[in-house]
Structures are given as structure tokens and as C-alpha cells.
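Report on one structure; see the data block that follows.
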Amino acid sequence: MNADITARVQRLVENVEQVVFGKHDVVKLCVVGLLARGHILIEDVPGIGKTTIAQGIARSIDCTFSRIQFTSDMLPSDILGVSILDHKTNDFKFRSGPVFANVVLADEVNRTPPKTQSALLEAMSEYQVSVDGKTHALPRPFIVMATQNPIEYEGTYTLPESQLDRFILRVEIGYPPAEDELRIMRRRNPLKALEDLKPVLTGQGLLELQDHVGDITVEDAVARYMLAIVQATREHEQIQLGASPRGALLFYEACQARALVEGRDFVTPDDVKHMTVPVLGHRILVRSRGADLATAARERERVLLEILKRIPVPV
């Protein structure tokens, strides 16, 4: 593995950890999503640092950033933009919305109705938006980092399966260790730390790292191991809907990206095990659903870990 590439990835991880304490594995998982050209769904209870980690990653990359606070009265035009009549030319001009940025933070994305949520579908899958019959390309790189609360149901709308499938990873943060929570208490003002955070990577630099992901070697036995896991989600007796071929493709790319983050130029079965729940967990439907998103997530994780125990690991 090229030492310069490894150093750049490590600098990005360390920079984000200046504002996110005690969550080394979570930060690395988010960086995996970035390098795999994927969008990231951060799901956890309020006050755990979902917005902080998203803003920390955005500020670590020297490119345009936009934050959209989703609400129940938001319209698709509030995200995509709108065509406005120019009285001087008597023609319509497109005024771009906040989605036209390199890194878009969709905060509390499940607080807006399905019609508005679906406005992101084309942007997330095709890197473009269509307004009034015209297509407008989005800047590259383009990353959506969305947050949602898995517990609260009042005033929220469940994300449709088609939109969940656009996220390469679903990430949980969890509570920090005691010593790190003490650091958070003593820091007092996280906004000041975010404002002082300097970028360590350019947008072009991120694109170059993303290109290197495709160079990571995946041996045939490891690729077949991934495929066996994906196919098992379609055959398991407790799973109503298994992972799609798009999920299989993103699973493959996420494993390559994890190898890059770990400083290797080849994928190991351990990479596959680590990426199974984050990549496939939100892509399956289990028959016994929980009362809330958090409980349902635990059930999906249990089934996926059971699948991993059943499938032989390649040597």
C-alpha cells in the first residue's frame, strides 16, 4: 500500500477525532463510507453526537458544505431548488437549493414527509436533480450524511426501503467511555472546536482516494464469501426481504474501502465480517419487527450475526 495514501486517510481520521472523542471505530466506519463513494445514515438517540461527527467530517474536507434541517412542512423545492421568472429576460432561471454542495448534512431526515424525502433519491443515486423537466448535475464529490432518531416516533416518517438502500452504511455511535465523556463535559462548547477544525483533505484529494478503492484486491474466495452472505439474507427463514444486487455491489466496495482505511491493498474475511451489519443491516426486513427502529435494528443485527456463524470463512 502506498504510504502517502495511508497517511492521508489516517490524517482524516485523526482530524475528525479532535471533535469526536472516544469513537475511533465509528469515525473509521464513516471514512469507509466516504471512500466508497457512499452516503451515510447515522442513527442514534439525541445528544449522542450525530451532528457533530457529520460536521467534523465535512469540515475536514476543503469543499462546499450544506446543512438541511428537515421539518414536517418542508417541500422538495426547499431541497432541490426552484425555477424563478426573470422579468428582464422573460425566461425562467434555476436557483439551486442546498443539495448543491459537496457534503450535505440531512439533519433528522425522518422528520419530513415521504414526498420530500423522495426528492433526495435521484440526487443520491445519479448525482443529479431534475426540476421542471431539466436535469442539473451535482458537484463531485457528492456525499449525503443523514441523521435520525431511532426512538422517537411522534412527528416522524419512516424512511422508505428505496431510500434506505441508497445509504451505503448505517452507523450507530453509542455512549462514549467514561474518560471521554469527562473530556466532553470539560470541553463545554463543541461549536468552538468545530469552528477551529481545519481541513486536511481537498475535494479533489477525496476523489483520488475514492479512485484508489477500486485498486484494492479481492480474491475470488473472499468475493464468494461476500456473495454467500448476501444470498443467505434472501434465504434465511426469519428474513422477509433480503439484500438487493445493489446491496451486494456496495458491500463489495465497502469491504475494499475498509481495507484501504486499514492500510492494506487486499480485502480479508475480517473486513467482510466487520462490514456485514453496517452495510446489510438496513437492507433487510425481518419477520419479527421491533416496536421502534432501535429494537428492529437489534433484531436485524442478531439475524446477520447468525448468518455469519453459518457460513464457512475462507482460508
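The values are calculated or read from the model by the stated rules, or taken from the named source; none is laboratory data. Predicted model only: the values in this text are computed from it and were never measured. Glycine also receives a Cβ, built like all others from the backbone with ideal geometry; neighbour counts cover every protein chain displayed.
The table below lists the values:
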{"item": "Members of the stretch 252-275 found to be modelled with pLDDT of 95 or more, basic (Lys, Arg) and under 15 Å from residue 35 (Cβ atoms), listed by number", "result": "258"}
{"item": "Residues that are at positive phi and either surrounded by 18 or more Cβ atoms within 10 Å (Cβ to Cβ) or of a type in the set (A, V, I, L, M) (or both), drawn from the stretch 173-219", "result": "none"}
{"item": "Qualifying residue in the stretch 276-292 (condition: more than 17 Å from the chain's Cα centre (by Cα) and modelled with pLDDT of 95 or more)", "result": "no"}
{"item": "Selected residue (criterion: surrounded by the most Cβ atoms within 10 Å (Cβ to Cβ)) from residues of the stretch 1-59 that are free of Cβ contacts under 8 Å to residues at least 40 places away in the same chain and of a type in the set (Gly, Ala, Ser)", "result": "7"}
{"item": "Residue in the stretch 126-137 that is touching a helix residue (DSSP H, G or I) at 6+ places or on another chain (Cβ under 9 Å), assigned by TED's automatic domain parsing to the domain that holds residue 166, buried (at least 16 other Cβ atoms within 10 Å of the Cβ) and closer than 22 Å to residue 30 by Cβ present", "result": "no"}
{"item": "Some residue of the stretch 213-236 being free of Cβ contacts under 8 Å to residues at least 40 places away in the same chain and touching a Lys or Arg at 6+ places or on another chain (Cβ under 9 Å)", "result": "no"}
{"item": "Count of residues meeting criterion [more than 23 Å from the chain's Cα centre (by Cα) and of a type in the set (S, T, N, Q)] in the stretch 234-249", "result": "2"}
{"item": "Count of the stretch 122-163 residues which are modelled with pLDDT under 90 and on the phi > 0 side of the Ramachandran plot", "result": "3"}
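Residues checked against (1) assigned to a strand (DSSP E or B); (2) outside the structural domain of residue 170 (by TED's automatic domain parsing); (3) more than 21 Å from the chain's Cα centre (by Cα):
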| site | (1), (2), (3) |
| --- | --- |
| 41 | yes, no, no |
| 45 | no, no, no |
| 55 | no, no, no |
| 71 | no, no, no |
| 85 | yes, no, yes |
| 110 | no, no, no |
